[in-house]
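The values are calculated or read from the model by the stated rules, or taken from the named source; none is laboratory data. In this text, all values refer to a predicted model and were calculated from it rather than measured experimentally. Every residue, glycine as well, gets a Cβ built from its backbone with ideal geometry; the counts of neighbours run over all protein chains shown. Please note that ligands, DNA and RNA were not included when accessible areas were found on the heavy atoms of the full protein model with its side chains. Shrake-Rupley method; radii C 1.70, N 1.55, O 1.52, S 1.80 Å.
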Amino acid sequence: MSDIQSQFSVLKQTADPAVADAIARLIADGEDHELNRINALEFSKRTGFDEEKVISGFLHASRLGLFDLTWNVLCPGCSGVLDAHDTLKSLRDDDYHCGLCACGYEPSVDEQVEVAFTVSPKIRRIAAHDPNTLPLWEYYKQVFWSSGIDLDKNSFASLAEEVTLDALELPAGEKAVLSMQLPPQFVIVFEPVTHSAHFIDVQGEPTKDRQQLGLIFNKAHPPTGSITLRPGPLRLALDNQSGVRTLPTVFVAADALHHLLGKRRPFLTAKRMLSNQTFRDVFKADNLNIDQRLKITSLTFLFTDLKGSTALYERVGDLVAFDLVRAHFHALLEIIAAEKGAVVKTIGDAVMATFVRPDHALAAGLRMRAAMGKLNAERGKSDLIVKIGIHEGPCLAVMLNERQDYFGQTVNIASRVQSLSTSQEIHITGPVIDAPGVATILEKEAIRPIQKEAALRGIADKIVVYEIP
């Protein structure tokens, strides 16, 4: 058996076998561009497989060396890839700058960092492994823009014909001159390899005199420049001093360009990856650096605690209590993973978990409560009671005690809200009850939340919470 066959054999044992087969077919039969920066959510949609099973499949395949996993920092304006990292540790918390949009962004892992998968060159060599050999528009498609940009062949034809005044491949160390007619519109000379741009504000009376503009491309990422010119002929002199091939492109920044860049599709975000149980289990080595602080604008936290566990040990004895606590943990962790969440840590008999969306956390909480009821019914007892609290808000992803963890007031509030529960009720906060999908769950379960104010330890002001009876 070859090494690749052996890897696929292991993949079928660790991931969903049908997903593993689909991944194997993709590697064997897919076109080159289909194996570069694979969008796992798009793959799920195209194949009909469950998203979580697909994500898990690609994670296991990456762990086996079939794919390289990359964390790509995106511009929220044009969805261009501002930087690509092969590990989470390389993500910076300072500004990333987009030349095309002339903006700087502090990266947030919510929607500005995508996780994509590219076939390993050891498994199959594709054109994108040598990006400087890609044709101009393929470079834009496969390297500059993220997997979240939905541009098909017709879109790229429109980009080349309607939006672009001129474009060329300029080898390292060479110069070129482009002659063109400037329309009375805003024009951008953009170079995707060095991420440099020059803006031309074309206004005033048309002229027949040839206007001149010279640009130099280098690896220093020069600041974005701008100039005002009149409609009419332009002689654009280009000098490539970057040491690599460049791809200067002259765009008309009108509605057609904005329409094309507005064609987006969902992609796998770093936030979702950090709240994926398979990732936390399989890629433990790809944690943050000790001094990293990654901003997350919205994450849902669920805290649980087993009520009266000390008394339970005294009442039934250590061996029986241990088995009960272990059964309780098994049920909770299985439910968390099934509802698209991830366990951050367990503390004694308590669990801290994260979810991308509040409705997933609430669904998990209700299932946990039902699972404890089932365990109690099987024993003919009612002493397994799990206290549950849920809160949503901003936080920081950090390293604490050699574990990827979370820090901030949102975490504190979620922990304190859990402590409000005295029996089987669940407590949630305003941001959770107002989140999309939560009202649907409550209506389906015929649950009427009870609103109340609560004073939380360590929190200055009382907050409004909702009891889920």
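Scanning residues 5 or more positions from Gln185 or on other chains, those with amide H under 5 Å from its amide H are Val202, with H placed 1.01 Å from N in the peptide plane.
Here the calculated FRET efficiency for Asp150 and Asp3, from their Cβ-Cβ distance with R0 = 56 Å, stands at 0.95, rounded to the nearest 0.05. With helices as the sole contributors, the chain gives -9000 deg cm²/dmol at 222 nm; each DSSP H run of n ≥ 4 counts as -39500 (n - 2.57), and the sum is divided by every residue.
Sorting the segments 78-85, 443-450, 200-207, 234-241 by their mean number of nearby beta carbons within 10 angstrom, highest to lowest, gives 78-85, 234-241, 200-207, 443-450. Between the helical axis of 3-14 and the longest alpha-carbon principal axis of the chain there is an angle of about 40 degrees.
Which net charge results for the neighbourhood of Pro233, defined as the other residues with beta-carbon distances under 9 angstrom from its beta-carbon, given Lys and Arg at +1 and Asp and Glu at -1? Result for the local shell: +2. For the chain, the alpha carbon positions stretch 94, 63, 41 Å along the principal axes, listed from largest to smallest.
Other residues lying with their Cβ under 14 Å from the Cβ of Leu134 contribute a combined charge of -1, Lys and Arg counting +1, Asp and Glu -1.
Of all aspartates and glutamates in the structure, those lying under 20 Å Cα to Cα from Lys263, and not within fewer than 8 positions of it along the same chain, are Glu34, Glu42, Asp110, Glu111, Glu114, Glu138, Asp150, Asp152, Glu161, Glu162, Asp255.
So which lysines can Lys444 reach, going by Cα to Cα under 29 Å and dropping same-chain residues fewer than 8 places off? Qualifying lysines at Cα under 29 Å: Lys45, Lys53, Lys271, Lys307, Lys340, Lys374, Lys381, Lys387, Lys452. Once the Cα atoms are used to define both axes, helix 409-418 deviates from the longest principal axis of the chain by about 20 degrees. Note on the chain: dipole from Cβ charges, positive end direction compared against Gly214, Ser56, Gln185; the farthest Cα belongs to Ser56. For the range 236-292, the per residue solvent-accessible surface stands at 38 Å², with DNA, RNA and ligands left out and a 1.4 Å probe. Convex hull volume per residue, computed on the Cα atoms of the range 78-233, equals 143 Å³. Exactly which trypsin sites (Lys or Arg not before Pro) in the range 1-96 are in a DSSP loop and have at most 14 other Cβ atoms within 10 Å? Sparse-neighbourhood loop trypsin sites (Lys or Arg not before Pro): Arg92.
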